[in-house]
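K.L.:
The following block contains the structure, expressed as structure tokens.
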Amino acid sequence: MIVLGSTSEVAQAFVEKALQEGEKFERIYLFTSNKETTERFARHIDVKFLQQSEIIELDLTKEINYQNFDYINSSLLFCATGYLGDGTEEGLYDNKNTQRIIDINYSKLVPVINYFAQKFESRRTGTIIGLSSVAGERGRQSNFIYGSAKAAFTAYLSGLRNYLFEKKVHVMTVKPGFMATKMTEGLPLNPKLTATPKQAAECIYSAFKKQRNVTYVLPIWSVIMLVIRNIPEFVFKKLKL
């Protein structure tokens, strides 16, 4: 199993869920830009599940040498890489903030997934699970830089799913709504619309086993986003969302 963004609480919860359900992995490759945090998780799954893992440093803001990944073979890739950055008010005209959001959520991430997707294609087997966001379904004034990157990532996953279908590789898009994670710590989130990493992992694992194409972590978000997508633009542009 390949995990991109392995410091993510959702990614770690998904790994645990899969192991609890009896999934067998020869090795779990934990890609991370924070080696210390990932080492604690690697020790945890080793002790609890006797699961071998390998930590691989990956910084999407730097040049990547793909030859370092040639030896890696897997049939499951879980991508939870993400960076919220500053909201529009604080970061709209901060080019470093904008570039980092775009790099980590899309432009530097896609080539990494493509690299492993090509391996899956050549073996005609595998599943790619990508965590996108409901923020990508319509640009909102509060975080449209982040939302635009997630919109691009959602479109990428949709196209990749279409492309790889006949190659026997499945691509699943996950659209979490509000999540109680480190990334959203301090934000005023409605608890009724907010999922825990454990809830997310259970939903994603179930959707993975059912080979779903697109899934929302909490079903209510599919209704919320249906409404938001269909608000007329002349009304929507006046809203404070």
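K.L.:
Mind jotting down the distance between the C-alpha centroids of the range 192-206 and the range 1-35, whole Å?
P.N.:
First find each Cα centre; the distance between them is then 15 Å.
K.L.:
Something else now. Going by Cα centres, the range 41-87 and the range 104-119 are how many Å apart?
P.N.:
Distance between centres, Cα-based: 13 Å.
K.L.:
Shifting gears a bit: Using Cβ contacts closer than 10 Å as the measure, can you line up K168, K108 from fewest to most?
P.N.:
K168, K108
K.L.:
Using +1 on the beta carbon of Lys and Arg, -1 on that of Asp and Glu, and nothing else charged, what's the dipole of the chain about the Cα centre, debye to 20? Present the calculation step by step, with values, prior to reporting the outcome.
P.N.:
Details: 31 positive and 24 negative charges, 169 e Å.
It works out to roughly 820 debye.
K.L.:
For the charge dipole of the chain, defined by +1 on Lys and Arg C-beta atoms and -1 on Asp and Glu C-beta atoms about the Cα centroid, which residue among G139, S107, S33 has the Cα displaced farthest towards the positive pole?
P.N.:
G139
K.L.:
Can you sort K175, K182 by how many other beta carbons sit within 10 Å, fewest first? Can you show the working numbers first?
P.N.:
Values: K175 22, K182 11.
So the ranking, lowest neighbour count to highest, is K182, K175.
K.L.:
Next question, about the same structure. What's the exposure ranking of F234, F120, F165, going from fewest to most Cβ atoms within 10 Å?
P.N.:
Sorted ascending by nearby Cβ count, the order is F234, F165, F120.
K.L.:
Taking the range 147-241, which GluC sites (Glu not before Pro) meet the DSSP loop condition and have no more than 10 other C-beta atoms within 10 Å?
P.N.:
The qualifying sites are E185.
K.L.:
Is the C-alpha gyration tensor of the range 148-241 telling us rounded, prolate or oblate? Criteria: a/c under 1.5 is rounded; beyond that, a/b larger than b/c is prolate, otherwise oblate.
P.N.:
oblate
K.L.:
While we're here: Would you mind checking the pairs K62/K182; K35/K168; K48/K209; K168/K237; K62/K175 and listing those with alpha carbons more than 32 angstrom apart?
P.N.:
K35/K168; K168/K237
K.L.:
Distance in nm between label sites at K62 and L187, each 7 Å beyond Cα in the beta-carbon direction?
P.N.:
Those two pseudo-labels are separated by 2.8 nm.
K.L.:
Continuing with the same structure: Would you calculate a helix-derived [θ] at 222 nm for the chain, using -39,500 (n - 2.57) for each DSSP H run of n ≥ 4 and dividing by the full residue count, to the nearest 500?
P.N.:
Only helices count here, giving -13000 deg cm²/dmol.
K.L.:
Quick check: from the Cα gyration tensor, does the range 27-127 come out rounded (a/c under 1.5), prolate or oblate?
P.N.:
Values: a/c = 2.41, a/b = 1.45, b/c = 1.66.
Taking the square roots of the gyration eigenvalues as a ≥ b ≥ c, the range 27-127 is oblate.
No value in this document is a laboratory result; all are computed from the given coordinates. Small disclaimer: the values here were computed from a predicted structure and weren't measured. Using ideal geometry, Cβ is built from the backbone for each residue, glycine included, and neighbour counts are taken over all protein chains shown.
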